[in-house]
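Following: one structure in structure tokens, then a few remarks.
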Amino acid sequence: METQNVKDTVRQIFTEYLTANGHRKTPERYAILDTIYSIDGHFDIDMLYSRMMDQENFRVSRATLYNTIILLINARLVIKHQFGTSSQYEKSYNRETHHHQICTQCGKVTEFQNEELQQAIENTKLSRFQLSHYSLYIYGVCSKCDRANKRKKVNNNNKKEK
């Protein structure tokens, strides 16, 4: 779907959600939605705040960002991820299912897709539960940190031998 069509669609979904739940339709909320749907990948509140100030030239408080993010999560237009101690968000409308690899050493988050894994999860029979969506986080050590750890170990062994 073309970017502008997606933005128009999510704007309509958000408008319907706000109307149905008795929330105000403010220009700030729509500016936040538009900015989020211009971001590729994950973002946190600080990144969103900076982007709104720098690129969008739209001043909103952090409180407005947090409150609007909650509305967008409830409207199923944004997903919240908890990567370690960091809360990250990403747009959820019209997105391919993907998984996350999280390095426990440097905190780097990498998205990946695996058709077999996706099929296995989607075909899993769940007792008294209808699957709507899911998130998968795989924790480990990225190749960069792994190489650094091996170099460090080799250097420490060389020091002990001397």
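Among the residues of region 132-145, which ones are open to solvent by 60 Å² or more (accessible area, probe 1.4 Å) and either farther than 30 Å from Ile79 by Cα or not in a helix (DSSP H, G or I) (or both)?
Ser132, His133, Tyr137, Ile138, Tyr139, Val141, listed by residue number.
Filter region 37-89 down to the residues that are among the acidic types (Asp, Glu) and modelled with pLDDT under 90 and list them by number.
Asp40, Asp54, Glu56
Applying the selection to region 32-56, what residues are aliphatic (A, V, I, L, M) and surrounded by 15 or more Cβ atoms within 10 Å (Cβ to Cβ)?
Selection gives Ile32, Leu33, Ile36, Leu48, Met52.
Being in a helix (DSSP H, G or I) and either open to solvent by 40 Å² or more (accessible area, probe 1.4 Å) or among the β-branched types (Val, Ile, Thr) (or both) narrows it down to one of Arg24, Arg11, so name that one.
Among Arg24, Arg11, only Arg11 is in a helix (DSSP H, G or I) and either open to solvent by 40 Å² or more (accessible area, probe 1.4 Å) or among the β-branched types (Val, Ile, Thr) (or both).
What residue, among those in region 40-68 that are out of contact with any helix residue (DSSP H, G or I) (no Cβ under 7 Å at 6 or more places or on another chain) and of a type in the set (A, V, I, L, M), is nearest to Asn94 (Cα to Cα)?
Top of the filtered list is Met47.
Please identify the pairs in which a residue from region 69-94 that is within 17 Å of Tyr37 (Cβ to Cβ) has its Cβ atom under 8 Å from the Cβ atom of a residue that is aromatic (Phe, Trp, Tyr) and assigned to a loop (DSSP other than H, G, I, E, B), counting only partners at least 6 apart or on another chain.
Short answer, once both residue conditions are applied: Arg76/Tyr93; Leu77/Tyr93; Lys91/Tyr37; Tyr93/Tyr37.
Test Val154 against the stated conditions and say whether it is open to solvent by less than 70 Å² (accessible area, probe 1.4 Å), at negative phi and not acidic (Asp, Glu).
The answer is no for Val154.
The values are calculated or read from the model by the stated rules, or taken from the named source; none is laboratory data. From a predicted model like this one, the values you see are computed outputs, not experimental measurements. Note that we place each Cβ from the backbone using ideal geometry, even for glycine, and neighbour counts take in every protein chain shown. These accessible areas exclude ligands, DNA and RNA; they are computed on the full protein's heavy atoms, side chains included. Shrake-Rupley method; radii C 1.70, N 1.55, O 1.52, S 1.80 Å.
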